[in-house]
Amino acid sequence: MRKHGIGRWNYSEEAKKWVFVRQENGKRKYKYQIKTPKEFQELIKQLELLNNQLLHEKDPHKNKEIFEKMKKITKQLQNMKKIER
């Protein structure tokens, strides 16, 4: 049985909706929405800003720092789609 992660937004391919799962009294409570969650949109904006910085930065050390930040954000975005089995 597939279960979405608790306490975070997940995208359900089956339902074609975003799902937020919270645990209440030992039971899972689900909130569905079609619109992309605010948290996801904010991460995308951060990623776009960092990408622009990366394109214009000449210093290799600063490029590495920016790239590491981008990797963290990308991982957060990927985790929003992850489904626990």
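Bear in mind that the values in this text are calculations on the coordinates, not laboratory data. Values in this document were obtained by computation on a predicted structure and should not be read as measured data. Using ideal geometry, Cβ is built from the backbone for each residue, glycine included, and neighbour counts are taken over all protein chains shown.
Taking the Cα centre of the chain as origin and charging only Cβ (+1 Lys, Arg; -1 Asp, Glu), how large is the dipole, in debye to the nearest 20?
Numbers: 23 positive and 11 negative charges, 109 e Å.
Its charge dipole is roughly 520 debye.
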| remark: Checked against a 29 Å limit on the C-alpha separation, the offending pairs among 35/69; 16/62; 31/64; 3/38; 29/69 are 16/62; 31/64; 29/69
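Taking the chain on its own, what percent of its Cα-Cα pair distances exceed 15 Å? Can you show the working numbers first?
Working: 2270 of 3570 pairs.
Result for the distance tail: 64 percent.
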| field | For the chain, with +1 on Lys and Arg beta carbons and -1 on Asp and Glu, the positive-most of 10, 60, 73 along the dipole | value | 10
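Please identify the longest segment of the chain free of exposed GluC sites (Glu not before Pro), where exposed means a DSSP state other than H, G, I, E or B and no more than 14 other Cβ atoms within 10 Å. Please report the intermediate quantities before stating the final value.
Details: sites that count: 13, 14.
Answer from the scan: 15-85.
Find, among the trypsin sites (Lys or Arg not before Pro) in the stretch 1-75, those assigned to loop by DSSP (not H, G, I, E, B) with at most 14 other beta-carbon atoms within 10 angstrom. Please list the in-between numbers first.
Numbers: sites: 2, 3, 8, 16, 17, 22, 27, 28, 29, 31, 35, 38, 45, 58, 62, 64, 69, 71, 72, 75; in loops: 2, 8, 16, 35, 58.
When the trypsin sites (Lys or Arg not before Pro) of the stretch 1-75 are filtered for loop state and at most 14 Cβ neighbours within 10 Å, 2, 16, 35, 58 remain.
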